[in-house]
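Read the structure below first, then the notes.
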Amino acid sequence: MVTIKTKKDIEILRRGGKRLAAILQAVAYEVKPGVTTDYLNTFAQKLIEAGGDTSAFLNYQPKGANRPYPASLCVSINDEVVHGIPNEKPRKLKEGDVVSLDLGLIHKKLITDHATTVGVGKISPEAQKLLEVTKKALEIGIAAAKPGQRTGDIGHAIETYVRKFGFGIIEELAGHGVGYAVHEDPFVPNYGNAGEGVVLKPGMVIAIEPMCTLGSPAVKIARDGYTFKTKDKSLAAHFEHTIVITETGAEILTQI
Ligand code: MG
């Protein structure tokens, strides 16, 4: 069911989104060679607690998962696309790695979702291009999110842009409604046909999250039951914002 948030809800989501953006930026600044994934998770958890909030991911059990997610933050390195677990088998970041950081925040019972991908030290020109294009794809998706448009218009805009660069677009994973729960309707794919899907209305809150690869877009789930990896081991990038549909367009909630 697609929910419409009240003005009061949106104000809380706006405040939570600002907090989330500040936390994720602070975590991203900690990304450097030698830092462990476990450290990033603990660092994020401390910042969340300092604000009196809760991670939306810790102990969250998505449909199909056989156990709750064990960490506050998702840290996905190189060929890992999303949902990398930072604290079970902590790893040290290396120069040249590409790291996706994904965090959901519960502020006054309402949830925002936000992700960014950063390089560790100096990264390859191909990796840099992948990050730039995926980030821009998110902006293009957000620009297509307007009342009266449909979820397919967002996916179509993202796909049309990313295809120009020959990068893979992951299809199994997509954006989603968010706010009262981590994953709500509608499904917001990063590909598709304009004019298809759910009609966007003011007060709808959705996460848009393109995931692109340097190679094939095919993915598999690792043995931990959570980490999505590219089948061909190609590099992946992921950027995500939570937005609210307004009377005239969209407002990004997860920004400082
Ligand atoms: Mg999300």
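Worth pointing out:
- Of all DSSP bridge pairs formed entirely within the stretch 109-256, close to 100 percent run antiparallel.
- Of the residues Glu209, Glu126, Glu159, the one that moves most in a GNM of the chain with alpha-carbon contacts below 10 Å is Glu126.
- Percent carbon-and-sulfur accessible area, the chain, ignoring ligands, DNA and RNA, probe 1.4 Å: 54
- Counting DSSP beta bridges with both ends in the chain, the antiparallel % (nearest 5): 100
- Look at the alpha carbon pairs under 8 Å that are at least 6 residues apart: their mean separation over the length of the stretch 120-256 gives a relative contact order of 28 percent.
- Contact order relative to length of the stretch 7-252, as percent, for alpha carbon pairs under 8 angstrom and 6 or more apart: 21
- A simple packing score, the average count of other Cβ atoms within 10 Å per residue, orders the peptides 49-62, 211-224, 92-105 as 92-105, 211-224, 49-62, with the highest score first.
- Ranked order, His83, His183, His176 - accessible area, probe 1.4 Å, largest first: His183, His83, His176
- Positive dipole terminus of the chain, leading residue within Asn193, Phe165, Asn41 (C-beta point charges): Asn41
- Solvent-accessible area of Leu47 with every protein chain in place, 1.4 Å probe, in Å² to the nearest 10: 60
- For the chain, calculated [θ]222 nm from helices alone, where every DSSP H run of n ≥ 4 adds -39500 (n - 2.57): -9000 deg cm²/dmol
- Rg and Dmax of the stretch 7-252, Cα atoms only, in Å: 16.8, 48
- Here the Kirkwood formula, the inverse mean of 1/r across different C-alpha pairs, assigns the stretch 37-110 a hydrodynamic radius of 12.9 Å.
The values are calculated or read from the model by the stated rules, or taken from the named source; none is laboratory data. Remember, it's a predicted structure, so these values are computed and weren't measured experimentally. We place every Cβ from the backbone using ideal geometry, glycine too, and count neighbours over all the protein chains shown. For the accessible areas, the whole protein counts, side chains as well, though only heavy atoms, and no ligand, DNA or RNA atoms are used. Shrake-Rupley method; radii C 1.70, N 1.55, O 1.52, S 1.80 Å.
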